[in-house]
2 protein chains.
Amino acid sequence: MAFDALTVRDRPIADAAVAQLFTEARTRNAWSDRPVAEDLLRRLYDLTKFGPTAVNATPARFLFLTSPEAKARLAPFMADANREKTLQAPVNVIIGHDLAFADTLPVLFPHAPGAKDWFADPAAARETAFRNASLQGGYFLLAARALGLDVGPMSGFDAEGVKAEFFAGTTVEPNFIVNLGYGTDENLFPRSPRLSFEDAAKIL
Amino acid sequence: MAFDALTVRDRPIADAAVAQLFTEARTRNAWSDRPVAEDLLRRLYDLTKFGPTAVNATPARFLFLTSPEAKARLAPFMADANREKTLQAPVNVIIGHDLAFADTLPVLFPHAPGAKDWFADPAAARETAFRNASLQGGYFLLAARALGLDVGPMSGFDAEGVKAEFFAGTTVEPNFIVNLGYGTDENLFPRSPRLSFEDAAKIL
């Protein structure tokens, strides 16, 4: 279906959807035991993948840990404050970035055959991978909420340990980790303050 | 209004909203002359700010260039392929990250009075600022679409030049730049391929 047949693009989405995605959504620190079906993880990827990235590089890689065995491999590397909730969540997602993403550009960015060579410098490749996989992390978190899931993103883990345990011998490096499932209100922080427009933005 | 009074959180948002945010949305390369009111820019910030970040640091800073004078200051630093569309878009947004974000943590993360000290190492502060401002960049792009705007994000610009022109003497560094407004179909790329689930993800 053509987009314009489905909706008019210049209208805001419904208030309830804005609340679910942004204004009323909360990072969850405790999880119900309701499982997340594999179909839903695939649907989540299929939304995330459409978010824009530089030269369509989509450098993020997603490791969905759903089995008790896989989750037990991750737990020792989590910061103490993050371990219990990570074990409780039905799914842990390790979001990484592939430093060798340029190898995919002949397929992903076909109209610029030389694009692969733009990232020959490892520092430039790393910066592009990190920025764009983090952008994709943002898409992933909001796509999960769009699908009715809750998220709990975390940076508190031993990145070298996670690299060695899950990405040894590959060009993928861990970026951050997300608990995924259906959250409860247990251990919910009060909503913390945000910077005012004037403190974070300016119109010139 | 309490969230649960507004909607049930575990249901997907409407198909039309999913299309507007993800599956049918496109990066725009040409722009109508329809302006974007300041109120809408403030609303956009007010959605973006709620996205989760590590220790609620929200390190992204947003410079909205709307005047011909401000846009003319940016144009010389854009890559040749990005200059014309950047001048055409009604708003250019420079998204930066504040390397001194830790100074805001006593306000933004009040329940952990020592949080400021966790980022005393400049390399750790830089990594946290870059990752989380990029995450916020993802929230920003989807929030814009949620409000009916189109986006055109770009990394192709002279970052040192933009730093010197817009952030001299501050702790803010440019991350990426977004054209914002109401796009047209002119110069629209065909939708490029995406990696399959099997190529980008794994379930363990």
**Study point:** Calculated P(r) of the range A:1-75 - Cα pairs past 17 Å, %
**Key:** 72
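Buried accessible area for the A:B pair, summed, 1.4 Å probe, in Å² rounded to 100?
For chain A against chain B, roughly 7800 Å² becomes buried.
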Check your understanding: If you average over every viewing direction, what projected area does the convex hull of the Cα atoms of the range A:46-97 give, in nm²?
Key -> 4.5
Revision key, fill the gap. Per-residue ellipticity at 222 nm attributable to helices in the protein assembly as shown (runs of n ≥ 4 DSSP H, -39500 (n - 2.57) apiece, nearest 500 deg cm²/dmol) works out to -10000 deg cm²/dmol
Revision key, fill the gap. Of every hundred units of 1.4 Å-probe accessible area on the range B:5-48, the number belonging to carbon and sulfur atoms, as a percent, is 47
Check your understanding: If you look at just the Cα atoms of the range A:133-186, how large are its Rg and its Dmax in Å?
Key -> 13.0, 40
Point to revise | Closest Cβ on chain A to the rotation axis that carries it onto B (distance rounded to whole Å) | key: A:138, 1
Review point. Roughly how many whole Å is it from the C-alpha centroid of the range B:168-204 to that of the range A:74-147?
Key: 13
Exercise for review: Working from the alpha-carbon coordinates of the protein assembly as shown, get Rg over Rh, Rh being the Kirkwood radius.
Suggested key: 0.93
Revision key, fill the gap. Cα-based Rg and Dmax for the range B:24-177, in Å, come out at 16.1, 49
Point to revise | Spread of Cα-to-Cα distances over 5 Å intervals beginning at zero, given as percent, for the range B:106-159 | key: 4, 15, 14, 19, 18, 11, 12, 7, 0
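The values are calculated or read from the model by the stated rules, or taken from the named source; none is laboratory data. Only a predicted model underlies this, so the values are computations on that prediction, with no experimental measurement involved. Quick reminder, even Gly has a Cβ in these numbers, built from the backbone with ideal geometry, and neighbours come from all protein chains shown. What goes into the accessible areas is simple: the full protein's heavy atoms, side chains included, and nothing from ligands, DNA or RNA. Shrake-Rupley method; radii C 1.70, N 1.55, O 1.52, S 1.80 Å.
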